[in-house]
1. Within the bounds of the range 101-109, is there any residue that is farther than 23 Å from residue 181 by Cβ and under 18 Å from the mean Cα position of the chain (by Cα)?
2. Quick check on the range 406-417. Is at least one of its residues in a helix (DSSP H, G or I), in contact with a Lys or Arg (Cβ under 8 Å, 6 or more places away or on another chain) and over 14 Å from residue 291 (Cβ atoms)?
3. Which condition number does residue 101 fail, the rest of (1) more than 23 Å from residue 400 (Cβ to Cβ); (2) open to solvent by less than 40 Å² (accessible area, probe 1.4 Å) being met?
4. Just checking: which of the helices (runs of 4 or more DSSP H) contained wholly in the range 43-161 hold 1 or more residues that are among the charged types (D, E, K, R)?
5. Answer yes if at least one residue in the range 150-164 is surrounded by fewer than 21 Cβ atoms within 10 Å (Cβ to Cβ), of a type outside the set (Asp, Glu) and out of contact with any helix residue (DSSP H, G or I) (no Cβ under 6 Å at 6 or more places or on another chain), and no otherwise.
6. Taking the residues in the range 301-325 that are at pLDDT below 90 and open to solvent by 50 Å² or more (accessible area, probe 1.4 Å) as candidates, determine which candidate is farthest from residue 418 (Cα to Cα).
7. Give me the pairs: first residue in the range 362-375 and at negative phi and open to solvent by 10 Å² or more (accessible area, probe 1.4 Å), second residue part of a helix (DSSP H, G or I) and of a type in the set (Ser, Thr, Tyr), beta-carbon distance under 8 Å, and six or more apart or on different chains, which are they?
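The values are calculated or read from the model by the stated rules, or taken from the named source; none is laboratory data. This structure is a prediction, so every number in the text was calculated from the model and none was measured. Here the Cβ positions follow ideal geometry from the backbone for every residue, glycine too, while neighbour counts run over all protein chains shown. The accessibility values were calculated without ligands, DNA or RNA, using every heavy atom of the protein model including side chains. Shrake-Rupley method; radii C 1.70, N 1.55, O 1.52, S 1.80 Å.
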Amino acid sequence: MAREETTRTTTSPTEHQAPAATAAPRVPGADPAPGKPATRAWATRLVVIGIVLSALNLRPAITSLGALLEEVRDGLGMSGSVAGVLTSVPPLCFAVFGVMAPRLARRFGPAAVVCAGMAAIGAGLLVRPYAGGTAGFLAASALALMGIAVSNVLMPVIVKRWFPDRVGSMTGLYSMALALGTSSAAAATVPLTNALGGDWQPGLAVWAVLALAAVLPWLPLVRDRDRGAAPAAPGAARQAPREQSPARGASAGAEAPALRITRSRTAWALAVFFGLQATAAYITMGWMAQIFRDAGVSAGTAGLLLAVTMVMGVPLAFVIPRLATRLPHQGPIVLALGVCGLAGYAGLYLAPAGGAWAWAVLLGVSNCAFPLALTMVGMRARTGAGVAQLSAFAQSTGYLISIPGPLLVGVLNQSSGGWGLPIALMCALMVPQMVVGWVAGRDRTVEEEAAR
């Protein structure tokens, strides 16, 4: 069933205006109904604010801990093996808890689940520094990561539901906010800790304030349980333009039965692509600074190089999704990002210190496969329910795939005494990432494939 068209005129040269006599006005997030106002601009503004604040909170729980990991280990008496396992807890939690998100969204509504997710992040971040031991620290961390997991899955769903005509722009906005939150927590945690007296506990707990602030925009929307299932307006059955509806159809119609998502080749390709890009990202965050330090780069400069890699995602996370929604096939973007990754890894192997800044930039560009993957989730499903299922499947499966990567890099480094084998592994993983990304970028939907 095709999505409703708006009656407004746009400046896009490819967009067609629906006939005013047949197309019902559509407001993002508010399906027109008799007796209800057609426009709730305040709700749309709240959703935009909520998306940005929520995205800012999707990584500080991880990167703030990385900045103070040595102090946390000393403070809790944490062994090296436990600290190593701690680096694999985030993708494990994302995989386990992300599966719950579609079912929770169907029952309570996406806005309510994201609101609860932000509250869980805030509570976990506030409690974990004062939990009194390693077990309590891990449990509180899991609570925060559970909130991140469900919010990770539902961000594309909310964008698809409230902004079906701006999937690329809004995905870019929250991807940019996510990258900003990631780099800010990594850069600001130590200075904040010093400003708060030098104790690691308030230095970690302070990030709970940002998470609790993200709860506020969602509170007026928690009773909105509609999942974007509105009937199409009469006469609006024609296909919408690509930038308006990347999934080539509406998130309209009565709630459809659950898809057999595992029958879709595109869903599997997107899940593997998501997992391989997540593997590369976690390896970069966990090991790149150490590679530079072992090559003779000072600790301060190595930290700056890692920050450069993370910051590259801020502007590109806004540009790449917008570009992706304008292309019939996202494969060329996948290949371009992959080539940047291969060039960056080759530089790390051949001249890690000599061209350090160039390699940091190239790997930062390559890591922008993450916002591209999120954009393709919104483009490869026709309905809101389909996006929810695809997002949960791709992210949960992908994060499971990503768990061994950082650990394997550490094992190879320790066994070989250098970075040659780990870098070779990174290069080897980039090749299948490009292949499955090309398959995932084809212009089709999981509903079509599952129906076959």
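1. Yes, the conditions are met somewhere in the range 101-109.
2. Filtering the range 406-417 for residues in a helix (DSSP H, G or I) gives 406-416.
Subset that is in contact with a Lys or Arg (Cβ under 8 Å, 6 or more places away or on another chain): none.
Checked against the condition, which is being in a helix (DSSP H, G or I), in contact with a Lys or Arg (Cβ under 8 Å, 6 or more places away or on another chain) and over 14 Å from residue 291 (Cβ atoms), the range 406-417 yields no hits at all.
3. Among (1) more than 23 Å from residue 400 (Cβ to Cβ); (2) open to solvent by less than 40 Å² (accessible area, probe 1.4 Å), the lone unmet condition for residue 101 is (1).
4. Values: elements: 60-67, 69-76, 80-86, 89-98, 101-108, 110-127.
Counting at least 1 such residues, we get 69-76, 101-108.
5. Within the range 150-164, the subset surrounded by fewer than 21 Cβ atoms within 10 Å (Cβ to Cβ) is none.
No: zero hits.
6. Per the stated criteria, the residue is 322.
7. Hits for this filter: 367/284; 367/309; 370/175.
Matching residues to (1) modelled with pLDDT of 80 or more; (2) touching a Gly at 6+ places or on another chain (Cβ under 9 Å):
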{"site": "42", "(1), (2)": "yes, no"}
{"site": "48", "(1), (2)": "yes, no"}
{"site": "54", "(1), (2)": "yes, yes"}
{"site": "57", "(1), (2)": "yes, yes"}
{"site": "62", "(1), (2)": "yes, no"}
{"site": "68", "(1), (2)": "no, yes"}
{"site": "75", "(1), (2)": "yes, no"}
{"site": "91", "(1), (2)": "yes, yes"}
{"site": "106", "(1), (2)": "yes, no"}
